[in-house]
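First comes the structure, then the notes that go with it.
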Amino acid sequence: LLFAAFILSSECYSQPSEIPSHVEPYVLESGVYNGNGVLGSSAVKVFSGMVQLHNIPWLQLHFSDANLGNESYIMIKSSIYDVAQRLDAISIQQWNYFSAFFNGSEVEIELFVGAMDNNIFINIDEVVVGEWATSAPYSSICGPTDDRTASNDPATSRLLNVGCTSWIIPNGKFVSAGHCLASSTNVVEFNVPLSLPNGTIQHPGPEDQYSVDVSTKIYVNGGVGNDWGVFEVFPNSITGLMPKAAQNAYFTLVQDLSPDSIRITGYGVDGGTANQTQQTHVGPNWGSSGTTMRYQTDTQGGNSGSPVIDELTHYATGVHTH
C-alpha cells in the first residue's frame, strides 16, 4: 500500500469521529436448561425475555457468561424493525460476547436448547447505549462549501466504535488508518442507513455487521505518510458469508502518486441524516511525493481510513488519514 494523508493548510489532524455511547448495567438471566435427550430432534425454545431501556437511539448487549453447548443458540430480535441476529457457541465468542447493534430502545432475546445439550444458559450484565447527537461537527472542508454527495460503494464500510472508514482489498482483508486500529475497533458495517434528522447514527441490520478479529490487526500509527493498518473479520453470524463474498466488491491496489483527480469515499460527519453515512467527493491532486499524498478533496471526521481512489481507474492508491 502507499500510505496517504490529506494535508491541511498549516496543521494536520487525524480524522476519526468517535461514536457517542456509554455503558449501563442491565441484569437478565435465562436460568439453566437441559435438552430433551431425543437424538435428532430440533432445538426447543425454553426462554424469552425483553431488554428494555427508554429514550435511546440504539443499543448493543453484553453477555457476562453463556453456555450454548453444541446445538443451542439465541435469537436477538428488534421490537421495532424486522431484523434479528442468531448467535451460537462459536459466533458468540467471535462477537466477544457482544451482540450486533440494534436501532431503538428494546430487543427480545430467545434461547433455544439443542436436544443433547445440558446446562444451557445466558446472562446479560450490560448494555452499550447509543447517545443522541447534540452538537454540530467540526469542519475540515476544503473551501467555502461541502461538496460531498451521497454514495453507495459496496467495498467501503463504517468502522465502529472508533468512528472511521475501512475497505475490502483483494484477499478479503480490510484496510483502514493505523490510528483507527490503535483505538477500539470491533464492528464493521455495510449498507449503512441514513441517520436520524438530528444526526444520531443508525445501524444496518445484523446481516450487514461483522465482528472484527482483533488478533489480526497489524498497524502503524506513525503520523502523516506512515499511518495504515490491515485487519480481518469473522463470518457474518446470520449469512455465514465473509464481506468480500457478501458485497461482491473490493479495491484493486496500486502505487501511484500521479492521478489527476482523487476521490475520497467514506463515513465522515455531517449535519442531519447524512451524518456518518457514506459520502464521496473528487478533487485535484495537490502535489504528492514519497509516501504522502496531498489532494484538495472534501472530507470530515470519520473519513480516517477511507480509500484514496484514482478517479480514472477506481483503483486505491493509499489510505486517507489526516
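The values are calculated or read from the model by the stated rules, or taken from the named source; none is laboratory data. Remember, it's a predicted structure, so these values are computed and weren't measured experimentally. With ideal geometry, Cβ positions are generated from the backbone for all residues, glycine too; neighbour counts draw on all protein chains shown. Areas reflect the complete protein model, heavy atoms only, side chains present, ligands, DNA and RNA absent. Shrake-Rupley method; radii C 1.70, N 1.55, O 1.52, S 1.80 Å.
Restrict the check to the range 69-88 and report whether at least one residue is under 30 Å from residue 322 (Cα atoms) and of a type outside the set (Val, Ile, Thr). Walk me through how you get there before you give the answer.
Step one: list which residues in the range 69-88 are under 30 Å from residue 322 (Cα atoms), which gives none.
Within the range 69-88, not a single residue is under 30 Å from residue 322 (Cα atoms) and of a type outside the set (Val, Ile, Thr).
Quick test for you: out of 32, 23, 46, pick the one residue that is open to solvent by less than 80 Å² (accessible area, probe 1.4 Å) and of a type in the set (A, V, I, L, M).
Details: 32 fails: open to solvent by less than 80 Å² (accessible area, probe 1.4 Å); 23 fails: open to solvent by less than 80 Å² (accessible area, probe 1.4 Å).
When all the criteria are applied, what remains is 46.
Filter the range 193-232 down to residues that are touching a His at 6+ places or on another chain (Cβ under 8 Å), more than 27 Å from residue 76 (Cα to Cα) and open to solvent by less than 10 Å² (accessible area, probe 1.4 Å), then give me how many there are.
1
Please work out if residue 176 is hydroxyl-bearing (Ser, Thr, Tyr) and within 18 Å of the chain's Cα centre (by Cα).
Values: hydroxyl-bearing (Ser, Thr, Tyr): yes; within 18 Å of the chain's Cα centre (by Cα): yes.
So residue 176 fits the description; yes.
Output the residues belonging to the range 160-181 that are more than 21 Å from residue 97 (Cα to Cα), open to solvent by 10 Å² or more (accessible area, probe 1.4 Å) and out of contact with any helix residue (DSSP H, G or I) (no Cβ under 7 Å at 6 or more places or on another chain).
169, 170, 171, 173, 179 - these are the residues of the range 160-181 that are more than 21 Å from residue 97 (Cα to Cα), open to solvent by 10 Å² or more (accessible area, probe 1.4 Å) and out of contact with any helix residue (DSSP H, G or I) (no Cβ under 7 Å at 6 or more places or on another chain).
Of all residues in the range 1-39, which are of a type in the set (Gly, Ala, Ser), part of a loop (DSSP other than H, G, I, E, B) and modelled with pLDDT of 90 or more?
Let us first name the residues in the range 1-39 that are of a type in the set (Gly, Ala, Ser), namely 4-5, 9-10, 14, 17, 21, 30-31, 35, 37.
Adding the requirement that they be part of a loop (DSSP other than H, G, I, E, B) leaves 4-5, 9-10, 14, 17, 30-31, 35, 37.
Within the range 1-39, 30, 31, 35, 37 qualify.
If we scan the range 170-184, do we find a residue that is free of Cβ contacts under 8 Å to residues at least 24 places away in the same chain and among the polar types (S, T, N, Q)?
Restricting attention to the range 170-184, the residues satisfying the condition of being free of Cβ contacts under 8 Å to residues at least 24 places away in the same chain are 171, 184.
Checking the rest, the ones that are also among the polar types (S, T, N, Q) come to 171, 184.
Scanning the range 170-184 turns up at least one residue that is free of Cβ contacts under 8 Å to residues at least 24 places away in the same chain and among the polar types (S, T, N, Q).
Filter the range 136-154 for residues that are among the polar types (S, T, N, Q) and not in a strand (DSSP E or B); which is least open to solvent (accessible area, probe 1.4 Å)?
Applying the filter and picking the extreme gives 140.
Okay, residues lined up against (1) surrounded by 22 or more Cβ atoms within 10 Å (Cβ to Cβ); (2) under 15 Å from residue 17 (Cβ atoms); (3) over 18 Å from the mean Cα position of the chain (by Cα); (4) without any contact (Cβ under 8 Å) to a residue 24 or more places away in the chain:
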site	(1), (2), (3), (4)
246	no, no, no, no
254	no, no, yes, no
278	yes, yes, no, no
282	no, no, yes, no
285	no, no, yes, no
288	yes, no, yes, no
296	no, no, yes, no
313	no, no, yes, no
321	yes, yes, no, no
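Would you call residue 265 surrounded by 18 or more Cβ atoms within 10 Å (Cβ to Cβ), within 17 Å of residue 142 (Cβ to Cβ), more than 21 Å from the chain's Cα centre (by Cα) and of a type in the set (S, T, N, Q)? Please lay out each step first, then the result.
Values: surrounded by 18 or more Cβ atoms within 10 Å (Cβ to Cβ): yes; within 17 Å of residue 142 (Cβ to Cβ): yes; more than 21 Å from the chain's Cα centre (by Cα): no; of a type in the set (S, T, N, Q): yes.
Against the criterion (surrounded by 18 or more Cβ atoms within 10 Å (Cβ to Cβ), within 17 Å of residue 142 (Cβ to Cβ), more than 21 Å from the chain's Cα centre (by Cα) and of a type in the set (S, T, N, Q)), residue 265 does not qualify.
Output the residue which, of all residues in the range 155-169 that are in a strand (DSSP E or B) and of a type in the set (A, V, I, L, M, F, W, C), is nearest to residue 227 (Cα to Cα). Step through it out loud before you land on a result.
As a first pass, look at the range 155-169 and keep what is in a strand (DSSP E or B): 156-161, 164-168.
Narrowing further to those that are of a type in the set (A, V, I, L, M, F, W, C): 159-160, 164, 167-168.
Numbers: 159: 16, 160: 18, 164: 13, 167: 15, 168: 17 Å.
Here the answer is 164.
Got at least one residue in the range 103-118 being in contact with a His (Cβ under 8 Å, 6 or more places away or on another chain), touching a residue at least 40 places away in the same chain (Cβ under 8 Å) and more than 30 Å from residue 38 (Cα to Cα)?
First pass over the range 103-118, keeping only residues in contact with a His (Cβ under 8 Å, 6 or more places away or on another chain): 103, 105.
Subset that is touching a residue at least 40 places away in the same chain (Cβ under 8 Å): 103, 105.
Subsequent filtering for residues that are more than 30 Å from residue 38 (Cα to Cα) retains 103, 105.
Yes, that holds for at least one residue.
For the range 214-240, enumerate the residues that are over 14 Å from residue 182 (Cα atoms) and modelled with pLDDT of 95 or more. First the steps, then the outcome.
Going through the range 214-240, the residues over 14 Å from residue 182 (Cα atoms) turn out to be 224-225, 232-240.
Once the filter is applied, which keeps residues that are over 14 Å from residue 182 (Cα atoms) and modelled with pLDDT of 95 or more, the range 214-240 yields 232, 233, 234, 235, 236, 237, 238, 239, 240.
Looking only at the range 80-130, which residues are surrounded by fewer than 17 Cβ atoms within 10 Å (Cβ to Cβ), β-branched (Val, Ile, Thr) and not in a loop (DSSP other than H, G, I, E, B)?
90 - this is the single residue of the range 80-130 that is surrounded by fewer than 17 Cβ atoms within 10 Å (Cβ to Cβ), β-branched (Val, Ile, Thr) and not in a loop (DSSP other than H, G, I, E, B).
Could you please let me know if residue 157 is small (Gly, Ala, Ser) and buried (at least 23 other Cβ atoms within 10 Å of the Cβ)? Before you say what the answer is, go through the steps one by one.
Values: small (Gly, Ala, Ser): yes; buried (at least 23 other Cβ atoms within 10 Å of the Cβ): yes.
It is true that residue 157 is small (Gly, Ala, Ser) and buried (at least 23 other Cβ atoms within 10 Å of the Cβ).
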